[in-house]
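Undergrad: Have a look at this one before I ask anything.
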Amino acid sequence: MKIMKKIFLKIWQYHVIPLLVMAGVFINKVWPLLSISRYNHSNADDFWMSSNSHFIWEDTHSFWATVAGGFQNAVHIWKNWDGCFLSMFIGCLPPVAFHEKYYKYTFVIIAGMLAIGVTALLYVLLVRMFKFPIIHWLLITMAMLIMFFNFMPSIKEAYYWWVGGINYAFLTGILLLSQALLLEYIVSDSKICLGFGSFFAFCVGIGNLLSGLVNPVILVLELTVLLFVYKKEKILFLIPTICAIAGLLCNVLAPGNLIRGGSELFHNPVIGSIFKTIAVSAKFIPEFFKKPMFWLCLFILVLIVDGIAKGKTTYRFRYPLLFVVIAFGVYCSVFTPVVYVGSAYYGRCKNVSFYIFLFMLLLDALYITGWAFQKFSLRLNDFVKKGMVYVSLILVLISVKVDWLYFDSELARESMRIGQAQEFHAKVMGRFNKYYDDSIREVYVEPIEWIPTVFYWDDDCLKDLEHYFQKDFIKVLEE
């Protein structure tokens, strides 16, 4: 009996049950998104961007020759159309350039990069900097990833479309990974982490304007705090800051941007764009905040309270109101490039704002909780803390059951259950079988109108397909 009691107390103390339950919720809400990816297919910019790479592969079947061709094409785009060199380079090498059957790995690559960035950053932030228990990090990471994968403004443009996903979601993952490495440098003084973090900081700048702008904004703020607190001890943090700014300038001042935007590219006033960005970003918040997110955020807050209450962090939480204001400003800065150049509010652009929004909430909760505990010398009974964790987890489980329609994973699950995803895959592959058949020059294809909600797909790119597969024409048969 005493042994059983000890085992129960250990399980209660170390949150083993919440970890197992949360792992089940995580698998339940992510697995359908992974499972349906096997039926995903290329579309839109995937074709025109990779046509040269595709031709090289067809002629040589040399992987490195194809990569070199993609690099040359990215240089051409940088000079004549778009300054986001890194994302253009990767965008010129989608799976379809080698064969359409590889496109199913799009979700794994893009979502995987984002998951690596989130997991690494939360580990350094929570475990390395604020001394949270490992199990708290695991629980918070799973809750964050559930939200990152299920409540996107546009999941189809985030994880199921190569060019759009690489440009925005994938680059956000690199941004988060860069931050993880640089925060680790602050903690451990590791020059290796500083070097790789600086390299990735530059990559973010030449990869995407949205994450490319918020990246140096964050680094400048971190550098300011480091120089104020540590003086010259952390002067090397200038390196990633300069790298981030240099990468952004290589993007902004690219000849392609000037050609594409012409005299209208920089016609909007800077101050006016900043104020408009604040207004737009504030309006996004109700759009971003889906109902189940409240309970997941409450669960994370309880874990933060429990982690801070253990009192192992030596960090001094000062000026909480200033921190909240600055964090909101960082979140707003994400959308400034879109407002400044007068671009449309595409879902893939909102996705980046959504990522930073979630981290803003987490950092605000972490900072305010830490400040409150230090300011008022708060102490919580261990039983109360554990009870809060279990109660908040139960509320998450109820929400998952009651509000299941809010989850993109349920849309994916239903699409597979009724056979929509399978039928879509079969019809699209029927088309590609004709595209890959050199003996068929004039291609007639059946219409496809029953498309899974999570997939980015339409028939607007048939002209690109004609060039891609060297067909005389591709026509959709009328019903």
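The values are calculated or read from the model by the stated rules, or taken from the named source; none is laboratory data. What you see is a predicted model; the values in this text were computed from it and never measured. Don't worry about glycine lacking a Cβ; one is built from the backbone with ideal geometry, like all the others, and counts go over all protein chains shown. Side chains included, ligands, DNA and RNA excluded: accessible areas come from the protein's heavy atoms. Shrake-Rupley method; radii C 1.70, N 1.55, O 1.52, S 1.80 Å.
Undergrad: Before we move on, is Asn80 at pLDDT below 95 and buried (at least 24 other Cβ atoms within 10 Å of the Cβ)?
TA: When the stated conditions are applied, Asn80 does not pass them.
Undergrad: Going through Glu449, Glu423, Glu414 one at a time, which residue ends up being of a type in the set (Asp, Glu), surrounded by fewer than 18 Cβ atoms within 10 Å (Cβ to Cβ) and under 27 Å from Met49 (Cβ atoms)?
TA: It is Glu449.
Undergrad: Of the residues that make up the stretch 220-236, is at least one without any contact (Cβ under 8 Å) to a residue 24 or more places away in the chain and closer than 22 Å to Phe335 by Cα?
TA: Yes - at least one qualifying residue is present in the stretch 220-236.
Undergrad: Only residues in the stretch 174-193 that are open to solvent by 20 Å² or more (accessible area, probe 1.4 Å) and modelled with pLDDT of 95 or more count as the first member; pair them with residues that are assigned to a helix (DSSP H, G or I) and of a type in the set (Phe, Trp, Tyr), Cβ under 7 angstrom, at least 6 apart or cross-chain, and list the lot.
TA: Final answer for the pair search is Leu177/Phe200; Leu181/Phe196; Leu181/Phe200; Cys193/Tyr185.
Undergrad: Something else: Does Leu238 satisfy being open to solvent by 40 Å² or more (accessible area, probe 1.4 Å), in a helix (DSSP H, G or I) and modelled with pLDDT under 90?
TA: Here the answer is no, as Leu238 does not meet what is asked.
Undergrad: Oh, and also: Name every residue in the stretch 34-68 that is over 30 Å from Gly419 (Cβ atoms) and of a type in the set (A, V, I, L, M), in order of residue number.
TA: Met49, Ile56, Ala65, Val67, Ala68, listed by residue number.
Undergrad: Next question, about the same structure. Within the stretch 57-77, track down each residue that is of a type in the set (A, V, I, L, M, F, W, C), farther than 24 Å from Glu157 by Cβ and buried (at least 20 other Cβ atoms within 10 Å of the Cβ).
TA: Trp57
Undergrad: Okay, moving on. Quick one: in the stretch 453-479, which of the residues that are among the aromatic types (Phe, Trp, Tyr) and either in contact with a Cys (Cβ under 7 Å, 6 or more places away or on another chain) or not in a loop (DSSP other than H, G, I, E, B) (or both) is farthest from Met152 (Cα to Cα)?
TA: The qualifying residue farthest from Met152 (Cα to Cα) is Phe473.
Undergrad: Shifting gears a bit: Starting from residues that are of a type in the set (Ser, Thr, Tyr) and either touching a Leu at 6+ places or on another chain (Cβ under 8 Å) or farther than 21 Å from Asp59 by Cβ (or both), keep the ones in the stretch 452-479 and report whichever is surrounded by the most Cβ atoms within 10 Å (Cβ to Cβ).
TA: Looking at residues that are of a type in the set (Ser, Thr, Tyr) and either touching a Leu at 6+ places or on another chain (Cβ under 8 Å) or farther than 21 Å from Asp59 by Cβ (or both), I get Tyr456.
Undergrad: Right, next: Does the stretch 158-166 include one or more residues that are modelled with pLDDT under 95 and surrounded by fewer than 24 Cβ atoms within 10 Å (Cβ to Cβ)?
TA: Within the stretch 158-166, none of the residues are modelled with pLDDT under 95 and surrounded by fewer than 24 Cβ atoms within 10 Å (Cβ to Cβ).
Undergrad: Can I ask one more? Starting from the stretch 340-354, take each residue that is on the phi > 0 side of the Ramachandran plot and list its partners that are open to solvent by 20 Å² or more (accessible area, probe 1.4 Å) and in a helix (DSSP H, G or I), counting only C-beta distances under 8 angstrom and pairs at least six apart or across chains.
TA: Gly342/Glu264
Undergrad: Quick check, is Thr119 among the polar types (S, T, N, Q), within 27 Å of Trp31 (Cα to Cα) and open to solvent by 10 Å² or more (accessible area, probe 1.4 Å)?
TA: yes
Undergrad: So which pairs qualify, if the first residue must be in the stretch 18-34 and within 15 Å of Met147 (Cβ to Cβ), the second must be open to solvent by less than 50 Å² (accessible area, probe 1.4 Å) and of a type in the set (Gly, Ala, Ser), the Cβ gap must be under 6 Å, and the two must be at least 6 apart or on different chains?
TA: Short answer, once both residue conditions are applied: Lys29/Ser409; Leu33/Ser409; Leu33/Ala412.
Undergrad: Being among the polar types (S, T, N, Q) and in contact with a helix residue (DSSP H, G or I) (Cβ under 6 Å, 6 or more places away or on another chain) is the filter here, so list the residues in the stretch 203-245 that pass it.
TA: Within the stretch 203-245, Asn208, Ser211, Asn215, Thr241 qualify.
Undergrad: Quick check on my filter: what residues within the stretch 94-112 are open to solvent by 30 Å² or more (accessible area, probe 1.4 Å) and of a type in the set (A, V, I, L, M)?
TA: Val108, Ile109
Undergrad: Please go through the stretch 426-446 and give me each residue that is assigned to a loop (DSSP other than H, G, I, E, B) and open to solvent by less than 80 Å² (accessible area, probe 1.4 Å), ordered by number.
TA: Passing the criteria: Tyr436, Asp437, Ile440.
Undergrad: So if I check each of Phe354, Phe317, which one is assigned to a helix (DSSP H, G or I) and either among the aromatic types (Phe, Trp, Tyr) or modelled with pLDDT of 95 or more (or both)?
TA: After applying the criteria, what remains is Phe354.
Undergrad: If I ask for residues that are β-branched (Val, Ile, Thr) and either under 28 Å from Ala158 (Cβ atoms) or free of Cβ contacts under 8 Å to residues at least 24 places away in the same chain (or both), which ones from the stretch 403-449 would you list?
TA: Ile418, Val428, Val445, Ile448
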